[in-house]
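Read the figures in this text as sums done on the coordinates, not as results from a lab. Everything numeric here is computed off the predicted structure, so don't read it as measured data. Here the Cβ positions follow ideal geometry from the backbone for every residue, glycine too, while neighbour counts run over all protein chains shown.
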Amino acid sequence: MRAAPPIFSRRLVVPVLGAALTLTLSGCFTGDRPTLAEEPTETGDAPADAVLALLDTAGDATFTGEYEVLTRFGDITTPVTVSQNGADRRAVTIGPIRFIVDETGTATCDLDDGECTDTIDVQRISDLQLTTDFYAASAAARLRRDTRLRAGATRASTETIAGQPATCVVVPVAGGESTYCALDTGPLGRLDAADLKIDLTSYSPTADATQFVRPS
């Protein structure tokens, strides 16, 4: 007698899809991100696409930026420094936690106790609702989502942020508005949303070598 084919419960499919979606949306610091489908580069909304065209280049930029991040849920203010030298060398210091990707590998370091691990441990900042690529790919993903779900017409503007020209868009969303600004060089200049407020306070077009130092 031929064995009956295995039966797969529908209930098992949901966690698998959920896990895949989590991998797609979560801020991954290095390497290719698993995706369910390739997102279109443009949204069809001109003001949003102007900002996205800049944010999509931020991962390859060379710069050092200091940010002030307000996590609205909990009213937590955190200083953040991003130093990046192209796509393969970057350090993001969020409060006392520093994430490093460079020619020697990857590291997550606690600057308070001087301890490092050789992985990128994003759980160390999970309470801040922040990703390690908040200034680039994560901001672009948020803007694409908000534009797709917008509650009205977007509004375009230009600003000077930390002494740098920036292109901005305001997106009406359910319950309010979200503002995104990107510098002409690519990185995020401002994000003002329901959960986060991120402001660039200082900018340099060069990478700060001291940000790549692992504490000993």
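Tabulated data for the structure shown
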read-out: Cut-off 15 Å between beta-carbons: net charge of the residues surrounding residue 163, Lys and Arg +1, Asp and Glu -1; value: -3
read-out: Packing-based exposure ordering (other Cβ within 10 Å, fewest first) of 66, 115; value: 115, 66
read-out: Footprinting exposure proxy for 208, 112, 133, 102 (fewest neighbouring C-beta atoms within 10 Å first); value: 112, 102, 208, 133
read-out: Net charge of neighbours whose Cβ lies under 15 Å from the Cβ of residue 216, counting Lys and Arg as +1 and Asp and Glu as -1; value: -3
read-out: FRET E, pair residue 184, residue 210, Förster distance 22 Å, beta-carbon r, rounded to 0.05; value: 0.30
read-out: Amide H within-cut-off set for residue 161, under 5 Å, with H built and near neighbours excluded; value: 166
read-out: Around residue 89: net Lys/Arg minus Asp/Glu count, Cβ-Cβ under 10 Å; value: -2
